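Below is one structure, written out as C-alpha cells; comments come after it.
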Amino acid sequence: IIEHMEGMLNSGFSPGPAAQNQFRKALMTAYFGQKNYAQAIKYGNDLIKAGAADGDVYTVVGQAYYQQKNYGEAVKIFNDRVSAAEKANRKPERNELTLLYSAHEKAGNAEAAVEEWRELPIRERITHALVKGIDSQIEADTEILRAEIDAADGDPIDACTLDDGAAPTDMAICMLAD
C-alpha cells in the first residue's frame, strides 16, 4: 500500500492538495509504525512546510526525531507546539510539555527540562518529582496542592477530580497533601 501511495504522489497525478496531504499523512503514520523514522520525518516535514500539519503531525515528527536520538530537532518541534499554544492563548497540552521536557532532558539541557517540568499541572509536577527523586520544589508544590484542596472545601477527593480523568496515582498524591 505504501508503494502505491508513494507512486501516486510521485507520478504527477494530482487528486488535489487536500488528497495529497492525506496521502502524506498516511505515509508518515505508516512509516513511523514501521520504525522508518527518516521517511516519517520526510513526509511530516512536507506537511509542515505545506501548512497542512496538525498537532498529530508535529507529535509524530518530534517523536521520530527523538527515536533517532536527534533530541535537538525534537526540542525544536515540541517547542514550536508549546509556543503555538501559548500564542493562541491556550494552555499547552500535557503531552506536549511532557515530550518537550523529555527531549530537553535527553539533549542534556537539564535547566530547560526543569523549566518545562514546572509548567506541568501541579499533580503531574509532584508525580514527576516523586518518581525522579527531585525534592527541590516539593514543599512549594505541596502547598499549591494544599491550596487547591482548600479551594475544594477541604475535600481531597473533590480537589483531585476537578478535571476529568484523575489517575489513581494522582489521587494518592492528593491524599498525601491532606
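Right, ALA112: among the aliphatic types (A, V, I, L, M) and more than 12 Å from the chain's Cα centre (by Cα) or not? Step through it out loud before you land on a result.
Working: among the aliphatic types (A, V, I, L, M): yes; more than 12 Å from the chain's Cα centre (by Cα): yes.
Spelling it out, ALA112 is indeed among the aliphatic types (A, V, I, L, M) and more than 12 Å from the chain's Cα centre (by Cα).
Name the residues in the stretch 10-25 that are part of a helix (DSSP H, G or I) and either of a type in the set (Asp, Glu) or farther than 14 Å from THR59 by Cα (or both), would you? Spell out the reasoning first.
Keep residues of the stretch 10-25 that are part of a helix (DSSP H, G or I), which gives 10, 17-25.
Result: ASN10, PRO17, ALA18, ALA19, GLN20, ASN21, GLN22, PHE23, ARG24.
So LEU120 fits all but one of (1) open to solvent by 60 Å² or more (accessible area, probe 1.4 Å); (2) outside any helix (DSSP H, G or I); what number is the exception?
Of (1) open to solvent by 60 Å² or more (accessible area, probe 1.4 Å); (2) outside any helix (DSSP H, G or I), only one is false for LEU120: (1).
Collect the residues in the stretch 43-70 that are in contact with a Phe, Trp or Tyr (Cβ under 8 Å, 6 or more places away or on another chain), in a helix (DSSP H, G or I) and open to solvent by 40 Å² or more (accessible area, probe 1.4 Å), keeping them in residue-number order.
Within the stretch 43-70, ILE48, TYR58, GLN63, GLN67 qualify.
Within the stretch 80-109, track down each residue that is aliphatic (A, V, I, L, M) and under 24 Å from LYS69 (Cβ atoms).
VAL82, LEU97, LEU99, LEU100, ALA103, ALA107 - these are the residues of the stretch 80-109 that are aliphatic (A, V, I, L, M) and under 24 Å from LYS69 (Cβ atoms).
Go through (1) over 30 Å from LEU9 (Cα atoms); (2) out of contact with any Ser or Thr (no Cβ under 7 Å at 6 or more places or on another chain); (3) polar (S, T, N, Q) and name the single condition ASN45 misses.
(1)
If you go through the stretch 79-107, how many residues are at pLDDT 85 or above and in contact with a Ser or Thr (Cβ under 8 Å, 6 or more places away or on another chain)?
2
Could you list, ordered by first residue, the pairs with Cβ atoms under 7 Å in which the first is in the stretch 1-14 and under 17 Å from TYR31 (Cα atoms) and open to solvent by 100 Å² or more (accessible area, probe 1.4 Å) and the second is modelled with pLDDT of 70 or more and not aliphatic (A, V, I, L, M), at least 6 apart or interchain?
none
Could you say whether any residue in the stretch 79-88 is touching a helix residue (DSSP H, G or I) at 6+ places or on another chain (Cβ under 8 Å) and of a type in the set (A, V, I, L, M)? Break it down stepwise before answering.
Within the stretch 79-88, the subset touching a helix residue (DSSP H, G or I) at 6+ places or on another chain (Cβ under 8 Å) is 79-82, 85.
Imposing the further condition that a residue be of a type in the set (A, V, I, L, M) reduces the set to 82, 85.
Yes, that holds for at least one residue.
Working only within the stretch 79-117, note down all residues that are closer than 18 Å to ASP54 by Cα and in a loop (DSSP other than H, G, I, E, B).
Hits for the stretch 79-117 are ALA88, ASN89, ARG90, LYS91, PRO92, GLU93.
Identify the single condition in (1) out of contact with any Asp or Glu (no Cβ under 9 Å at 6 or more places or on another chain); (2) free of Cβ contacts under 8 Å to residues at least 40 places away in the same chain that LYS106 does not satisfy, given that it satisfies every other one.
(2)
The values are calculated or read from the model by the stated rules, or taken from the named source; none is laboratory data. Small disclaimer: the values here were computed from a predicted structure and weren't measured. Cβ coordinates were reconstructed from backbone atoms using ideal geometry, including for glycine residues, and neighbour counts include every protein chain displayed. Just the protein is used for accessible areas: all its heavy atoms, side chains included, with ligands, DNA and RNA removed. Shrake-Rupley method; radii C 1.70, N 1.55, O 1.52, S 1.80 Å.
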